[in-house]
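Asks: The structure's right below; bear with me while I get my questions together.
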Amino acid sequence: MFDFEKLEVYQLVKEQTNMVLQQIEEIEGIDSAVRENWRNLTVQMLLQLVQASGRVNVAEKKNLLAASRSCVFESTAIIDLLKASAKLDALKFEELYNNYERISKMLLGMYRSYEGKSE
């Protein structure tokens, strides 16, 4: 087992990724650019977290964690837009939103855990 697989945040991000990929396929009428952007953000959120766990350099770890968190923010804006346009129901929005919020806090905690540390 790789170290990243042991992280609670990885398990949550993986679960969220699977849920989002399913939603992308199920929701009808999403603009193709929004659909592709949400898919890319979702996968990048996961991959940047994994990359961060494999880096030795603290600055690189922090940059990748910050990038992963940025994907969370952009994805949250997308679900807000989908909810406002009635393409995403309120219950699914809440579930996705709550997961994004939890992931954001966990990534920020990881980021802060490296402050003051050097390579």
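The values are calculated or read from the model by the stated rules, or taken from the named source; none is laboratory data. Fair warning: this is a prediction, and the values are worked out from it, not measured in the lab. Cβ placement follows ideal geometry from the backbone for every residue including glycine, while neighbour counts extend to all protein chains displayed.
Asks: Find the residue count for region 1-11, including only residues that are of a type in the set (A, V, I, L, M), modelled with pLDDT of 95 or more and either loosely packed, with under 15 Cβ neighbours inside 10 Å or not in a helix (DSSP H, G or I) (or both).
Replies: 1
Asks: Continuing with this model, one more query. When you go through (1) under 15 Å from GLN11 (Cα atoms); (2) surrounded by fewer than 18 Cβ atoms within 10 Å (Cβ to Cβ); (3) touching a Phe, Trp or Tyr at 6+ places or on another chain (Cβ under 8 Å); (4) not acidic (Asp, Glu) one by one for LEU49, which number turns out not to apply?
Replies: (2)
Asks: Same structure, new question: In region 16-119, which helices (runs of 4 or more DSSP H) lie fully inside it and hold 1 or more residues that are over 20 Å from GLU5 (Cβ atoms) and in contact with a Cys (Cβ under 6 Å, 6 or more places away or on another chain)?
Replies: So the answer is 32-54.
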